[in-house]
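The values are calculated or read from the model by the stated rules, or taken from the named source; none is laboratory data. These numbers were taken from a predicted model, which means no experiment stands behind them. Cβ placement follows ideal geometry from the backbone for every residue including glycine, while neighbour counts extend to all protein chains displayed. Heavy atoms of the whole protein, side chains included, go into the accessibility calculation; ligands, DNA and RNA do not. Shrake-Rupley method; radii C 1.70, N 1.55, O 1.52, S 1.80 Å.
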Amino acid sequence: MKNNLRGKIREFLASEDGKVSVKAPLTLGVVTGGIFLAQAIIGPTSATACPCQHDWQCPNPPHICSVGTCIGG
Amino acid sequence: MRPSMLIFIFAFSIALLGTRICPVLAKAPDTAKILFGASREGNRELYLMNSDGSEQINITNHPADDIYGAWSPTGEQILFASDRDEWYDLYLMDADGKNVRRVFGKSAHRECPTWSPEGKQIAYERQDLGERFIYIATSDGKNEERVAIGGSPAWSPNGTEIAYVVQAGQDRWEIHILNVRTRKQKVFFPPKAMSTWIGSIPAWSPKGDKLAFSWQNQLPLKAFESKETLYTVNRDGTDLTQIVGEVGPKVTSPVWSPREDALLYAQQDGRAKWSLQIFKAVLGNGPTEQLTAIGSWNVPADWFDPAYALPVSPQPQSLPTTWGEVKKR
């Protein structure tokens, strides 16, 4: 009974339906999760994600921070 | 024990002692010096100059961006942020720019450092996953603790409070004050919720009775960005005073003189939006003096005067007399 069920699952995953509905979303999820995990491990980047408050939080002149936004360039 | 082993132990002890006493041997400036950031050769560096703008020297000389810095209370060290290791993090150097070392063992995006008045702790802005937070740590980079949401902290001269900037909503920037002991936070400015832009790190006056900051509240904020100018307000929230008129170009980044009789600030010099020069305004309708004229971006960071600093760090047991009170004398 148990072997029968496993066999059916394998058969379904190998089929075109199984690839589209299970394998592909699973692969996509693992890749996306991996990217997020890598970002968290690598840490922040020098380009700030939050609104700027000071000019130095923007790329070098001619960029400046204007009311929370980097402008110029 | 073999003589070679004795020599090794002796040499090791001397080396160990050397690393311990090296910070003590770092020398504070003999005369008043202004620390400022400037972009003169393509990247941002930290410079020193005299109070009249003379003798401007680059003390960082590094291809990375070296930005906002703060003198230690004794003037022997400068704490600053640099992106020499991919993103901004905090570094310490001697007052002459030598002996640069990282503050923290584990890298993170840290900037806008400020010293506690006795020099044993630092506060700074740290960005975690795109959010700004205020952290406190010991000045040796240990015991890092998140204490508030926000950025641009400034430790009060009596050590009890930290003023910092919070983005409370779309186009709503506020100055909050954190009680260091209780960790309680209060909105300090503006007194009621409104669309407003705080464009600078709040600057405590040396006596701790006033705060200076740059502010813009004409709507829409972006359309009137050139109206950002300098204000002071008492710590109790009274006597909001405009220091520089709104007629001229944008004004930002106030720094108090150690005597509390003048303010430094950066103002667009009219050549371009990104072209900032440093000015000194003597308070009480005194004269205004331009201190820098070269480079495209000059912003004051701190002003140290040995006449207003204690020669050594005060001992914790003698701290009932706070630094700010000593400075008043």
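Can you go through B:Lys184, B:Lys227 and tell me which one is within 20 Å of B:Gly245 (Cα to Cα) and either hydrophobic (A, V, I, L, M, F, W, C) or open to solvent by 30 Å² or more (accessible area, probe 1.4 Å) (or both)?
Among B:Lys184, B:Lys227, only B:Lys227 is within 20 Å of B:Gly245 (Cα to Cα) and either hydrophobic (A, V, I, L, M, F, W, C) or open to solvent by 30 Å² or more (accessible area, probe 1.4 Å) (or both).
Among residues of region B:201-246 being of a type in the set (Lys, Arg) and outside any loop (DSSP other than H, G, I, E, B), the one that is modelled with the highest pLDDT is B:Lys210. Of all the residues in region A:51-69, those that are in contact with a His (Cβ under 9 Å, 6 or more places away or on another chain) and at the interface with another protein chain (Cβ under 7 Å from one of its Cβ atoms) number 1. Does B:Ala203 count as under 22 Å from B:Leu35 (Cα atoms), buried (at least 17 other Cβ atoms within 10 Å of the Cβ) and within 16 Å of the chain's Cα centre (by Cα)? Criteria met by B:Ala203.
In the set (1) under 25 Å from B:Leu48 (Cα atoms); (2) modelled with pLDDT of 95 or more, the condition left unmet by B:Trp87 is number (2).
Within the bounds of region B:60-83, is there any residue that is touching a Lys or Arg at 6+ places or on another chain (Cβ under 8 Å), farther than 26 Å from B:Tyr164 by Cα and of a type in the set (A, V, I, L, M)? Within region B:60-83, one or more residues are touching a Lys or Arg at 6+ places or on another chain (Cβ under 8 Å), farther than 26 Å from B:Tyr164 by Cα and of a type in the set (A, V, I, L, M).
Out of the residues in region B:266-278 that are open to solvent by 10 Å² or more (accessible area, probe 1.4 Å) and within 14 Å of chain A (Cβ to nearest Cβ), state the one that is nearest to the chain's Cα centre (by Cα). Only one residue tops the list, namely B:Gln267.
Scanning region B:269-311 for residues that are in contact (Cβ under 8 Å) with a residue 60 or more places away in the chain, part of a loop (DSSP other than H, G, I, E, B) and under 22 Å from B:Trp204 (Cα atoms) yields B:Leu291, B:Asp305, B:Ala309, B:Leu310, B:Pro311. Evaluate the following for A:Leu26: is it more than 30 Å from B:Arg126 (Cβ to Cβ) and either modelled with pLDDT under 70 or within 24 Å of the chain's Cα centre (by Cα) (or both)? Here the answer is yes, as A:Leu26 does meet what is asked. When restricted to residues that are surrounded by 17 or more Cβ atoms within 10 Å (Cβ to Cβ), over 27 Å from the mean Cα position of the chain (by Cα) and not acidic (Asp, Glu), region A:54-73 contains 9.
Across region B:126-147, the qualifying residues are those that are open to solvent by 10 Å² or more (accessible area, probe 1.4 Å) and of a type in the set (A, V, I, L, M), and the one among them that is modelled with the lowest pLDDT is B:Leu129.
One line per residue, one yes/no per condition, for (1) at pLDDT below 95; (2) more than 14 Å from every other protein chain (Cβ to nearest Cβ); (3) out of contact with any helix residue (DSSP H, G or I) (no Cβ under 6 Å at 6 or more places or on another chain); (4) open to solvent by less than 20 Å² (accessible area, probe 1.4 Å):
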site: B:Ser116; (1), (2), (3), (4): no, yes, yes, yes
site: B:Tyr124; (1), (2), (3), (4): no, no, yes, yes
site: B:Ser152; (1), (2), (3), (4): no, no, yes, yes
site: B:Thr160; (1), (2), (3), (4): no, yes, yes, no
site: B:Gln167; (1), (2), (3), (4): no, no, yes, no
site: B:Thr196; (1), (2), (3), (4): no, no, yes, yes
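Could you list all residues from region B:169-187 that are in contact with a Leu (Cβ under 9 Å, 6 or more places away or on another chain), at pLDDT 95 or above and at positive phi? If the condition is that a residue be in contact with a Leu (Cβ under 9 Å, 6 or more places away or on another chain), at pLDDT 95 or above and at positive phi, then no residue fits.
Only one of the listed residues (B:Ser200, B:Ser205, B:Ser226, B:Ser214) is within 14 Å of chain A (Cβ to nearest Cβ) and more than 15 Å from A:Thr69 (Cα to Cα). That residue is B:Ser214.
Can you name every residue in region B:44-59 that is open to solvent by 20 Å² or more (accessible area, probe 1.4 Å) and without any contact (Cβ under 8 Å) to a residue 60 or more places away in the chain? Passing the criteria: B:Asn50, B:Ser54, B:Glu55, B:Ile57, B:Asn58.
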